[in-house]
Amino acid sequence: MLRFILTRVSLVIPTFLGITFLTFILIRLVPGDPIEVRVGERGIAPERLAAFRHELGLDQPLWQQFLDYVGHVLSGDFGLSLVTHNSVLSEFLTLFPATLELALCAMLFATLIGLPAGILAAVKRGSLFDHGVMGASLTGYSMPIFWWGLLLILFFSVALGWTPVSGRLDLVYYVEPATGFMLIDTLMAGDYDAFRSALSHLILPTIVLGTVPLAVVARMTRSAMLEVLGEDYIRTARAKGLADGRVIGMHALRNALIPVVTVIGLQVGTLLGGAILTETIFSWPGVGKWLIESINRRDYPALQGGVLLIATSVILVNLLVDVLYGVLNPRIRHAR
Amino acid sequence: MSAEFSTNAEPATPEPVAVSRPPHPLTEFWYHFRQNKGALGGLVVILLIALIAIFAGVIAPHDPDIQYRDAILTPPVWQDGGTWTYLLGTDDIGRDMLSRLMYGARLSMMIGLIVVTLSLAVGLGLGLIAGFFGGMADVLIMRGMDILLALPSLLLAVVVAAILGPGLVNAMLAVSVVVIPHYARLTRAAVMAEVNKDYVIASRVAGAGPMRLMLIVVLPNCLAPLIVQATLGFSTAILDAAALGFLGLGAQPPTPEWGTMLASSLQFLQRAPWVVTWPGIAILVTVLAFNLLGDGLRDALDPKLKR
Amino acid sequence: MKRILLGAGLGMAAALALSAPAQAAKTLVYCSEGSPENFNPMLNTTGTSFDVALPVYNNLVQFEHGGTKVVPGLAESWTISDDGLVYTFKLRAGAKWHSVGDFKPTRDANADDVIFSFERQWKPDHPFHKISGGAYDYFNDMAMPKLLKSIEKVDDLTVKFTLNAVEAPFLANLAMPFAPIMSAEYAAMLLKKGTPEKLDQVPVGTGPFQFVAYQKDAVIRYKAFEQYWGGKQPLDNLVFAITPDAAVRLAKLKAGECQVMPYPNPADIDSMKKDSSIVVQEQEGLNVGYVSFNVTKKPFDDVRVRRAVSMAMDKKAMVAAVYQAAGVPAKNPIPPTMWSYNDSIEDYPYDVERAKKLLADAGYPNGFETDLWAMPVQRPYNPNAKRIAEMMQADLAKVGVKAKIVQYEWGEYRKRMQQGEHQMGMLGWTGDNGDPDNFLYTLLGCEAARPGGNNLSKWCNKEFDDLVVQAKRTNDIAARTKLYEQAQVIFKEEAPWYTIAHSVVYMGLAKNVVGYKMDPFGIHRFEGVDLK
């Protein structure tokens, strides 16, 4: 068991180094000098430009810069943003809870609806309900979510006035950030009106971000259930006269859940990618919007650190899923 | 490992007498494919869009770039103030929506085609090399692919598009880069499954060189999953390119790319919802059609799922 | 659990103080267009970042609300020596500092604070010089390091600035956002705690509002400073709601979620003007967009060609199509809101026939080929350079001039233009201190015509240069106005630029906002603003 986990973890290290290298190179390739972008039409004296470049280490050879960067990253230092001069890590950590809160809600939304829908569709295979679920999930999977978000805003916020247009919390409320999760912070402050406000701000972004994972979960659950329901032991259980509900609940579901959990875990990358669009549409102060802004401001350290941190979290979640999968499913563990 | 797979392989020696000729593979494929109404529908829609794309120059009622300054933000024909001249209305500088959507179809199909071709070619090459030669080449290539996969695809596309600069061609390149790992992994898996089968070993023994083995012997036998992936790749390509356009990193105005159209008329969302509605529907319908087709192909081509 | 709630309850009390409508606390919400870089205007160059520091700080002198005239700030009076080199400022007695976080000021603002605030930017060995990147762009752009000879404390409330040369715009420079007075005591406390960068993130000033909190990319909160030397503000709270999308800002203004919004979409201005719940204010921006003709390159060394090209392009159509309501055609290099703007000057008319004739006179009866540079980015003075270039290209073709549009990446673009690599190229300028010198000398003087200088046309006209240098060396406004008016006449005759437009800036205000004045510098000030 331990060996299995160790092998998996050791496989992650080269990937991590590769990612570091890749982001480093990619971001060096983005055209435009950050200092030149900042000074605009007034320009900058060559001596001052050289001084700044020296200050930022930009006058070092590339390999030297890379080694320095890796060294710093390994000690937890992702550098300073060129624009705000704050530590990139602290900026990321300030904004990440907003993204995480949104992503978790979206995942919860997808699972709570997708799982039962998929199970029911599998059990009632071929029924109208099954076709409905499959059709809806394929549509959801094909959805350009930036457009979907706009439609929802147009309908629920503008036409009906039910939900707020953008942001995380009404401005009349002010809650001292403790965890960074607005739902938890408002509850901890005991301010239930603020909690309701935070909740209402979350609804539309959650739906938008959760649409694609919902489709994936529903489809995956259905096909996993179908596969399991076709297995011999289920047929045996049924033949033994066990009630359908019991068969599905006890035996089939438990086995079908393994691939579904995996798929849910693997949606993290999709979610973080989708967060870029969702946050842009809803002015959600999270890391996705921050990264897009960093590109526009040529804020290399922020962009580089942000991409690296996001990739790292994706790797870690995938690793966790991988290990969990191995733990749940001995066949995998011993196959290697 | 090899034992496991050889059970699936065709019998090495042909049966002495065939009682009835098996149906031609294409006929068999069509038989299975026809069963799937969704896939058939998807195919029809795609053919329709392709026709529109090809003949956009003939059937579009207006030039997509001409600005009718006296008809700015005309609503669609069935709404108050709509006219038959502009069936689906006009945008904020008076361009005909329908014509722009038609030309946009051309762009979207082109995006799909180029992205799939490009990423398929590169992914196939990498996958063949990795699967066929194994060893260091395999490790290096597949680790590289893992690295690309660890970045959320849209994020990677955004960064690549930022490097190359905004524009349609660059957006296509960015999206291609992002999907390469999928093809590479698929090809490698398929090649690994085939490479130790008897027929491959036989040709190797017969003296076929690695190039011949790779391209003529092995490749045709692992096409099925690639075809499915390529079809689904169309939808990913169109979606991602539109998302880049939406973020301002894709095609630049006045190019009538659907995502860009959507983004550039965002400010009219409330005043004139149709400028935002139509491009979105166009994207959704096209992507959905490709996904339906891809699903149908998978069911028809993948013997494991045949029922 | 109970304890957690109690602990959180304390935070709540502070929150309630902000949100409670009990005493009808007046809260004004400003839907700002973007996140600030930080809270120290010394380090920044963008209006968005200046806006968030303005409520907190005072300068020695400041611009009058809504104008470019210099009025007393933290200094209640000043004298200038007869040779124009020594400025002695008398500080206001009893100007209190804000108490923010764990900083409790023990004294009022004094000369040490002034010296601290300038030496940080000026002296490379100052302990704060390198903090937060140490880029004092404006301080350097306004040539302060070259200009300053010494800053001395005469007594607690008197500071003496000695200059190396006479510089008429010096006082206006001190009113610019880059020269706020910060608390030396606060800085010393932070330095001792080892967190000097906090000075740029949690601002402590003497201004009308004091900083409360910043939630990154979302909200900035201020409250009125009770002991402000100018008296407590009519507003109790000021909130910046960061809302990058203009359509969303408008939606929020309409919904009453904010009371002031900057930069509406040009497309929405008509409907806003019709909306009875919204007041629209407008003002010409302190900027100019132009095409520079490089006079060191053929054929633009010939003034007839420059005039001909100026007459060949339809300015009205360009401004209407690209700027829409957000721009007015420009005839002078300085914007109309600036003193000494010469309104008697007549622009070159759009006249294709005369243009052709002039070209023929100059020896180009069949036109010529030229490049035409266009910025790759949107700027305040030019929303879409590429589109304008396309329109110019079409107009120029009518007189036989074939223009090829050239674009470079933005930083590269500006550098190459400054080197004078173009024949025709677009750029623009946004004013810093409201002084005509900042346009006429900075952009058109001989000193700036060197390669790499800001005189992109490389146009060095002796007569013009004498006028603007002479204007720089006197403090008499009336005399300076005359000199600048004359300089504008020469500029128009010689046509080193084709002036395109000055932008027009709009603000949307809720009906109940009283006393808001647009600022010519494009920054947003809330001092003296009230809600009915």
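Just a few scattered comments:
- With contacts taken as Cα pairs under 8 Å at a separation of at least 6 residues, chain C carries a relative contact order of 19 percent.
- Of B:L126, B:L73, B:L247, the one that fluctuates the most in a GNM where chain B has Cα springs shorter than 10 Å: B:L247
- Cut-off under 5 Å, modelled amide H: who pairs with B:G94 long-range: B:L73
- With R₀ fixed at 25 Å, the C-beta to C-beta distance from A:R8 to C:A213 puts the FRET efficiency at about 0.05.
- Dipole moment magnitude, nearest 20 debye, the protein assembly as shown about Cα centre, only Lys, Arg, Asp, Glu C-beta charged: 2900 debye
- DSSP-loop chymotrypsin sites (Phe, Trp or Tyr not before Pro) across segment B:28-80, with at most 14 other Cβ within 10 angstrom: B:F55, B:W78
- Secondary-structure-derived ellipticity at 222 nm for chain B, considering helices only, amounts to -21500 deg cm²/dmol, per-run term -39500 (n - 2.57) for DSSP H runs with n ≥ 4.
- Estimated inter-spin distance, A:L112 and B:D80, nm [label 7 Å along Cα→Cβ]: 4.1 nm
- Counting only DSSP H runs of at least 4 residues, each contributing -39500 (n - 2.57), and dividing by the residue count of chain A, the helix-based mean residue ellipticity at 222 nm comes to -24500 deg cm²/dmol.
- Segment C:16-154: relative contact order in percent, alpha carbon pairs under 8 Å with at least 6 residues between: 17 percent
- Pairwise FRET efficiency - C:T106 versus A:Q60, Cβ, R0 = 45 Å, nearest 0.05: 0.50
- Averaged over the residues of B:243-250, the number of partner chain Cβ atoms lying within 10 Å of the residue Cβ comes to 4.
- Environment charge of B:K37, counting only residues whose C-beta is closer than 15 Å and scoring Lys/Arg +1, Asp/Glu -1: -2
- For segment C:116-217, with +1 on Lys and Arg beta carbons and -1 on Asp and Glu, the positive-most of C:I181, C:L148, C:F116 along the dipole: C:F116
- Here the contact order of chain B, divided by its residue count and restricted to Cα pairs under 8 Å and six or more residues apart, works out to 24 percent.
- Taken about its Cα centre, segment A:93-288 carries a charge dipole of about 900 debye when Lys and Arg each add +1 at the Cβ and Asp and Glu each add -1 at the Cβ.
- Each peptide among B:285-295, A:164-174, C:446-456 gets the average number of other Cβ atoms lying within 10 Å of its residues, and from highest to lowest they stand as B:285-295, A:164-174, C:446-456.
- Remark: mean inter-chain Cβ contacts per residue of C:505-517 equal 0, using a 10 Å Cβ-Cβ cutoff to other protein chain atoms.
- Dipole-positive endmost among C:P169, C:F491, C:G133 within chain C (Cβ charges, Cα centre): C:G133
- For chain C, adding -39500 (n - 2.57) for each run of n ≥ 4 DSSP H residues and dividing by the number of residues yields -8500 deg cm²/dmol at 222 nm.
- Pairs from C:K104/C:K193; C:K356/C:K462; C:K90/C:K160; C:K274/C:K331; C:K316/C:K517 whose Cα-Cα separation, in the structure shown, is over 19 Å: C:K356/C:K462; C:K274/C:K331; C:K316/C:K517
- With both labels modelled 7 Å from their Cα along Cα-to-Cβ, the C:Q227 to A:R28 distance reads 5.4 nm.
- Charged-residue dipole, Cβ positions (Lys, Arg, Asp, Glu), chain C about Cα centre, Debye nearest 20: 1000 debye
- Positive-end residue of A:I119, A:T94, A:M107, charge dipole of segment A:1-141 with Cβ unit charges: A:I119
- Cα gyration tensor shape for the protein assembly as shown, rounded if a/c is under 1.5, else prolate or oblate: prolate
- Ordering of C:421-427, A:89-95 by packing [mean C-beta count within 10 Å, highest first]: C:421-427, A:89-95
- With the highest mean first, a sort of the peptides A:221-227, C:178-184 on other beta-carbon atoms found within 10 angstrom per residue produces C:178-184, A:221-227.
- Long-range HN-HN contacts of C:A213 with modeled amide H, under 5 Å: C:R221
- Partner aspartates and glutamates whose Cα lies under 15 Å from the Cα of C:K198, excluding those fewer than 8 positions away in the same chain, are identified as A:E91, C:E37, C:D102, C:E185.
- Rough spin-label spacing in nm, given labels placed 7 Å along Cα→Cβ, for C:S271 and C:D343: 3.5 nm
- Helices of chain B meeting both criteria, an alpha-carbon length of 27 angstrom or more along the long axis and an average Kyte-Doolittle score not below 0.5, with helices taken as full DSSP H segments, are B:97-133, B:168-195, B:223-246, B:274-301.
- Using a Förster distance of 22 Å, the FRET efficiency for A:L93-A:H72 (Cβ separation, nearest 0.05): 0.85
Since every read-out is calculated from the coordinates, none of them should be taken as a lab result. Treat the numbers as computed from the prediction; the structure is a model and nothing was measured. For neighbour counting, all protein chains shown are included, and Cβ atoms are generated from backbone atoms with ideal geometry for every residue, glycine included.
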